[in-house]
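S.K.: Next up is a structure, given as structure tokens.
What follows is calculated from the coordinates using simple rules that are stated; it is not laboratory data. This structure is a prediction, so every number in the text was calculated from the model and none was measured. Cβ placement follows ideal geometry from the backbone for every residue including glycine, while neighbour counts extend to all protein chains displayed.
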There are 2 protein chains.
Amino acid sequence: MEPVNVIGVGMTSFGILDDSLVQLAEEASFKAMSDSLTLEQHFDHIVVGSQNPDEFVNKGHISTLLADRLGLVPAGATRVETGPSSGSSAFEAAFTMIASGHSDLVLVIGAEKMSEVDRGTASKILAKMMSYENETRYGATPTALAAMVARRYMHDYGLTRDELSLIPVKAHRNGAKNPLAHFQKEITVDTVNTARVVADPLTLFDCCPTSDGAASVVLASDALVHDLRLTDQAVRVLGVGHGTDYHAVQHRLSLTSFGATKAAAQRAYSMAKLEPTDIDVCELHDAFSILELVNMEDIGLAKLGQAIDLVKQGATEVDGQIPVNTTGGLKARGHPTGGTGVAQIHDIYCQLMQKAPKGLQVSSPVIGLTQNIGGFGNNMVVGIFSAP
Amino acid sequence: MEPVNVIGVGMTSFGILDDSLVQLAEEASFKAMSDSLTLEQHFDHIVVGSQNPDEFVNKGHISTLLADRLGLVPAGATRVETGPSSGSSAFEAAFTMIASGHSDLVLVIGAEKMSEVDRGTASKILAKMMSYENETRYGATPTALAAMVARRYMHDYGLTRDELSLIPVKAHRNGAKNPLAHFQKEITVDTVNTARVVADPLTLFDCCPTSDGAASVVLASDALVHDLRLTDQAVRVLGVGHGTDYHAVQHRLSLTSFGATKAAAQRAYSMAKLEPTDIDVCELHDAFSILELVNMEDIGLAKLGQAIDLVKQGATEVDGQIPVNTTGGLKARGHPTGGTGVAQIHDIYCQLMQKAPKGLQVSSPVIGLTQNIGGFGNNMVVGIFSAP
């Protein structure tokens, strides 16, 4: 397998934005091409992760549209969709293009513009990723499923409401320092506890927003890194893992542990020849507060039911032992679904390059991990990266 | 680059079908898994090519749904979309997974169910792949663009209406012998010439139908082919190329030659270390009759304006020098958009394995080629395969 490197990144602000999907993808991509000094280079391929541009913005086949708009014709152009993990699945597809030796330079874009449709329409579009037969037809929503996970987790492990609230509080504390975050203000445990209940026990502040935004990363072969003299900014991809679980939550082995994450993480660790204790900083898919705890356990940072202990000890803070979601996570950075997986890689790249926003830089991290959920745990993609 | 093999294939009938998208994908996939003797094997990944299941059948994130329904959990699951070339782009993504050494066994599915929405809705869904700013807003449709290509081709090269009609006549002659084809009856030049005009000069019989259907192929590494003792049914992937052109047709260099095809073919030939004269049989994307001629020229089978000479000589017939679309092409086999690229590989595999339907088998072909169009020439994927 040929080694694969991330050599530059770019990202728009996340939030409710005026720019179109194409404009957002352009902004993030030109930033990434500029950051990686590849504006003048020949790209072999662009891979676009986007959950549903056809319905969110009425545009189809956007990968070729973007190849044109970015001046990359005749590069191959592919869109990848795996629900909200579309961005990291696009990264995975691009990774294998270079790892195979079939390509030397590939642009990965993750982008979604969710605010052009009203909230009811957005919810209907997103609900298509769940099981209609087993879930949607009975009125289940992603938030309702997350509430079931939270209730079961509380029952099994004694997690309290106040403890769970520490997750969004940390997310907002970090987001407040991230100039690209959707939400840039701090909140308190009381803010979370007293907010409107969305699906008991989850309140508004346990749930990530729907956002607009895009992120791009440039992947390159070792040969190209050498030719372009970019060794100092080449973050190596050490591991990539992708796993699925049964489509309907009711068919899975556990409510409080996601088989797809475990499968993906196991594969990524095995490829990287690393263990959870080797991870210095990570971005986890906290679409709902409870998922940050579940994800921490499934990727091996804590035993079942014990992730909250790390949170309470401050271990997941920027200056802690294993910082989690230093830039605000989905909760505060925002969640333009197809954009999130690439934004996670963007942020881990910045951490490993010591370029995180002021107050968010982890002390000299060497190994970073990303974990991105598609559907409600239908699939997961895990990436492991090392500093130059 | 690790060698990649197609070790088995499966396909449903194409047509207006009762089965759901998921049922069609299941049928094709179980056939392919049975054909490749992998029903009991561990798949690393499934890659699904489908243009728009969200809008055609109201289902999202179908790759994970299919991983579940096919009993392949926890395999990674990815959907790929590049308009009507989604199937061959899914194949390309799966190819790089194995070529990189990251996977040993990958299932590729191409599927579309287009008949659950009415024709007007289907046209609107398909039109999203064109340039809104430059084409759709002025009323252009894929057929209208194809008509422009035909008019220009007639003007530049003197192609006549009777000559052009030979293309669909051949498609239907072959389709009549293909038990899986959407249309299984022969037509005449007169049938084409006197049919309702869709976009002058193109009549109904110059245009492929919208179809339901699915096709699947199983890709495996050399190591797995060896372990499973499948050398006799391992068709080697010699070349894969993907290219784009400017999104709007008006921005392109030529109306009668597609830059994306030339880029994709050049890359595939270069990888395969082969030339157009090495091709024994090919499947080309004849969504409109005129495109078969344009495609033949762009992949190097004839000089500009001269493809019709080969057709008139009978060279593109099943028993000719370079048989084209032996199973009916998009015109007669049908065109379930995301399914087509994989169906082309299915049919080339059958040719190279000497398993084509009765009356359609080419005499001992060694090298086969597929060419699949996304959008109206926005992108192309070309594959080159060799017999076991």
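S.K.: Taking the Cα centre of segment B:214-280 as the origin, how large is its charge dipole in debye, to the nearest 20, when only Lys and Arg (+1) and Asp and Glu (-1) carry charge on their Cβ atoms?
M.R.: Details: 6 positive and 7 negative charges, 55 e Å.
The calculation lands at about 260 debye.
S.K.: Please report the Cα spread of segment A:200-317 along all three principal axes, rounded to whole Å, starting with the longest.
M.R.: 55, 35, 33
S.K.: Per the helix-only calculation at 222 nm, which mean residue ellipticity applies to chain A, given -39500 (n - 2.57) for every DSSP H run of n ≥ 4 and division by its residues, nearest 500 deg cm²/dmol?
M.R.: Counting only the DSSP helices, I get -11000 deg cm²/dmol.
S.K.: Another question, if that's okay. Run down the lysines and flag those whose C-alpha is under 19 Å from the C-alpha of B:Lys303, throwing out any fewer than 8 positions away in its chain.
M.R.: B:Lys262, B:Lys312
S.K.: Let me ask another. If you restrict to DSSP beta bridges whose two residues both lie in chain A, what percentage is antiparallel, to the nearest 5?
M.R.: 70 percent
S.K.: Additional query: Once chain A is represented by equal point scatterers at the alpha-carbon sites, with solvent omitted, what log10 I(q)/I(0) does the Debye formula produce at q = 0.07 Å⁻¹?
M.R.: -0.27
S.K.: Another question about this same structure. For B:Gln250, put the label point 7 Å out on the Cα→Cβ axis and report which residues of segment B:131-173 keep their amide N under 12 Å from it.
M.R.: B:131-140
S.K.: Cα centroids of segment A:1-42 and segment A:272-325: how far apart, whole angstrom?
M.R.: Here the answer is 28 Å between Cα centres.
S.K.: Mind checking which of A:Thr78, A:Gln51, A:Leu37 is farthest towards the positive end of segment A:18-105's charge dipole, using Cβ charges of +1 (Lys, Arg) and -1 (Asp, Glu) about the Cα centre?
M.R.: A:Thr78
S.K.: Multiplying the sequence separation of A:Asp162 and A:Asn134 by 0.36 nm and subtracting their Cα-Cα distance, what value in nm do you get? Mind dumping the intermediate values first?
M.R.: Working: separation 28, 0.36 × 28 = 10.08 nm, distance 3.20 nm.
Once the chain is fully extended between A:Asp162 and A:Asn134, it gains 6.9 nm.
S.K.: Of A:Asp280, B:Asp19, how do they rank once you tally other Cβ atoms within 10 Å and put the fewest first?
M.R.: Arranged by neighbour count, lowest to highest, A:Asp280, B:Asp19 become B:Asp19, A:Asp280.
S.K.: What's the whole-number percent of alpha carbon pairs in the protein assembly as shown lying beyond 46 angstrom?
M.R.: When every Cα pair of the protein assembly as shown is considered, 18 percent fall beyond 46 Å.
S.K.: Now a separate question. How would B:Ser363, B:Ser86, A:Ser29 line up from fewest to most surrounding beta-carbon atoms within 10 angstrom?
M.R.: Working: B:Ser363 10, B:Ser86 32, A:Ser29 27.
Ranked by crowding around the Cβ, least crowded first: B:Ser363, A:Ser29, B:Ser86.
S.K.: Report the FRET efficiency, 1/(1 + (r/R0)^6), for B:Glu275 and A:Asp19, where r is their Cβ-Cβ distance and R0 is 41 Å, rounded to 0.05.
M.R.: 0.35
S.K.: Something else now. How big is the gap, in Å, between the Cα center of segment B:166-182 and the Cα center of segment A:362-378?
M.R.: 51 Å
S.K.: Straight-line reach only, C-alpha to C-alpha below 18 angstrom: list the lysines that A:Lys355 could link to, leaving out same-chain residues fewer than 8 apart.
M.R.: Output for A:Lys355: A:Lys31, A:Lys177.
S.K.: Express the relative contact order of chain B as a whole percentage, based on alpha carbon pairs under 8 Å and six or more residues apart in sequence.
M.R.: Averaging sequence separation for qualifying contacts and normalising by length gives 26 percent for chain B.
S.K.: So how far apart, in nm, are the two label points at B:Lys355 and A:Ala223 if each is 7 Å from Cα heading toward Cβ?
M.R.: 3.6 nm
S.K.: Please work out, to two decimal places, the log10 of the ratio I(q)/I(0) at q = 0.15, 0.20, 0.23, 0.24 Å⁻¹ from a Debye calculation in which every Cα of segment B:143-260 carries one identical scatterer.
M.R.: -0.91, -1.14, -1.24, -1.28
S.K.: Also, I was wondering about something else. To make sure I understand, if each residue's beta carbon is the centre and we count other beta carbons within 10 Å, what order do A:Lys177, B:Lys303 fall in, fewest to most?
M.R.: B:Lys303, A:Lys177
S.K.: Separate question: Build a GNM of chain B with springs between Cα atoms under 10 Å: which of B:Gln41, B:Gln233, B:Gln351 gets the top mean-square fluctuation?
M.R.: B:Gln41
S.K.: What whole number of Å gives the distance from the Cα centroid of segment B:196-259 to the Cα centroid of segment A:121-163?
M.R.: 40 Å
S.K.: Looking at the protein assembly as shown, send over the antiparallel percent of its DSSP beta bridges, to the nearest 5.
M.R.: Numbers: 79 of 109 bridges.
Expressed as a percentage, antiparallel bridges in the protein assembly as shown total about 70.
S.K.: Any idea which of A:Gln361, A:Gln344, A:Val294 is furthest toward the positive side of the dipole for segment A:235-388, if Lys and Arg beta-carbons carry +1 and Asp and Glu beta-carbons -1?
M.R.: Highest projection toward the positive end goes to A:Gln344.
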